[in-house]
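The values are calculated or read from the model by the stated rules, or taken from the named source; none is laboratory data. Remember, predicted model here, so these are calculated numbers, not experimental data. Cβ coordinates were reconstructed from backbone atoms using ideal geometry, including for glycine residues, and neighbour counts include every protein chain displayed.
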Amino acid sequence: MSVEIKGTTRLLGLIGDPIAQAKSPSAINPIFVARSVDIACVPLHVPPADLSTIWAGLKAMPNLVGFGITLPYKQTAIGLCDTLDPVADRVGAVNLVRRERDGSFRGYQFDGKGFVRGLRSRKVATEDRDVLLVGAGGAAIAIAFALVEAGAKRVVVSNRTVEKAEALAGAVNSYFRRSVARAGNPVSTAGQLVINATSLGLKTADPLPFDPVVLKPGMTVAEVIAEPEITPLLLQAKARGVETHSGMHMINSQVDLIADHICEIWGEVT
């Protein structure tokens, strides 16, 4: 059954720039349909120069129950939300804004939990495993915290801006009160879980996020990018006999969490 848009339909937006690659609407709308709730998710292209203006406009729309957030606004949104869920506050990034019952916008963060759930859905181990995390943006921050909570042994954060990698590693170590993360270059270790948490791979002209020569059989390469589902990095990994994990698993594992959260206060059955 497809989504039926009516005058009573409440909207869940998804903001980003670019937005054409967004997979969340097609993943979450069937969930709303299956639950018989009158909510539909739609992509909203928000250019950076217009973010604050569009944010105010979204808040003024009574039938907008919230919106997902993708690149490049996950960290910027922190300063625009009225309140923050503890996880979003800890991570310093937001990927869902929900309109609360009083009309305020509260920021939530499901990237990390969704990523780990995606790994587990494909039986990819996280416990007692070395992790190479490439990137230090909003998704990377959430994933780093979630992986340590899921039992990762060590996390090496590699980023073009070394200071950001060091800041992320320091935040993780401070929160867990032990030295479990550090900044470093992409260097392979046996059985490592390697994660591309950058935007490199969205465009066909993008360079690879790191030199694939570090990839060896026995490792797992995971993406946060869902479109294309098989990125150039995953193709390189497959060619080297390395296990791969698409970003679609993170999307699919997040949408149930997001739908639950939206339906908690806006999901009256039609």
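Listing for the model above:
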read-out: Unique match (being in contact (Cβ under 8 Å) with a residue 60 or more places away in the chain and either farther than 26 Å from Asp17 by Cα or hydroxyl-bearing (Ser, Thr, Tyr) (or both)) among Thr220, Thr204; value: Thr220
read-out: Close pairs from the stretch 225-244: first free of Cβ contacts under 8 Å to residues at least 24 places away in the same chain and assigned by TED's automatic domain parsing to the domain that holds Pro209, partner in a loop (DSSP other than H, G, I, E, B) and surrounded by 15 or more Cβ atoms within 10 Å (Cβ to Cβ), Cβ under 6 Å, at least 6 apart; value: Glu229/Ser246
read-out: One residue from Phe32, Phe110 being surrounded by 17 or more Cβ atoms within 10 Å (Cβ to Cβ) and more than 18 Å from the chain's Cα centre (by Cα); value: Phe32
read-out: Near pairs, Cβ below 8 angstrom, 6+ apart or cross-chain, from the stretch 21-39 (touching a residue at least 60 places away in the same chain (Cβ under 8 Å) and more than 20 Å from Arg99 (Cα to Cα)) to any residue that is surrounded by 18 or more Cβ atoms within 10 Å (Cβ to Cβ) and among the charged types (D, E, K, R); value: none
read-out: Pairs with Cβ under 6 Å, 6+ apart, first in the stretch 151-164 and free of Cβ contacts under 8 Å to residues at least 40 places away in the same chain and on the phi > 0 side of the Ramachandran plot, second among the β-branched types (Val, Ile, Thr) and surrounded by fewer than 21 Cβ atoms within 10 Å (Cβ to Cβ); value: Gly151/Thr126
read-out: Hits in the stretch 230-249 - residues which are part of a helix (DSSP H, G or I), among the aliphatic types (A, V, I, L, M) and out of contact with any His (no Cβ under 9 Å at 6 or more places or on another chain); value: Leu233, Leu235, Ala237, Ala239, Met248
read-out: Conditions (1) touching a residue at least 40 places away in the same chain (Cβ under 8 Å); (2) in a helix (DSSP H, G or I); (3) of a type in the set (D, E, K, R): number failed by Glu264; value: (1)
read-out: Those residues of the stretch 57-107 which are among the hydroxyl-bearing types (Ser, Thr, Tyr) and either touching a residue at least 60 places away in the same chain (Cβ under 8 Å) or surrounded by 18 or more Cβ atoms within 10 Å (Cβ to Cβ) (or both), in sequence order; value: Thr70, Tyr73
read-out: Selection within the stretch 211-228 - of a type in the set (Asp, Glu) and surrounded by 14 or more Cβ atoms within 10 Å (Cβ to Cβ); value: Glu223, Glu227
read-out: Subset tally (residues that are over 21 Å from Gly191 (Cβ atoms) and in contact with a strand residue (DSSP E or B) (Cβ under 7 Å, 6 or more places away or on another chain)) for the stretch 226-255; value: 2
read-out: Residue count, the stretch 169-180 (criterion: more than 15 Å from Val91 (Cα to Cα) and either touching a strand residue (DSSP E or B) at 6+ places or on another chain (Cβ under 8 Å) or assigned by TED's automatic domain parsing to the domain that holds Arg90 (or both)); value: 1
read-out: Residues of the stretch 229-257 that turn out to be out of contact with any Ser or Thr (no Cβ under 8 Å at 6 or more places or on another chain), among the hydrophobic types (A, V, I, L, M, F, W, C) and crowded, with 17+ Cβ neighbours inside 10 Å, as a count; value: 3
read-out: Residue in the stretch 187-202 that is in contact with a Phe, Trp or Tyr (Cβ under 9 Å, 6 or more places away or on another chain), modelled with pLDDT under 95, closer than 25 Å to Ser246 by Cα and not β-branched (Val, Ile, Thr) present; value: no
read-out: Which listed residue, of Val94, Val116, Val87, is in contact with a Cys (Cβ under 9 Å, 6 or more places away or on another chain), within 23 Å of Ile195 (Cβ to Cβ) and of a type outside the set (Gly, Ala, Ser); value: Val94
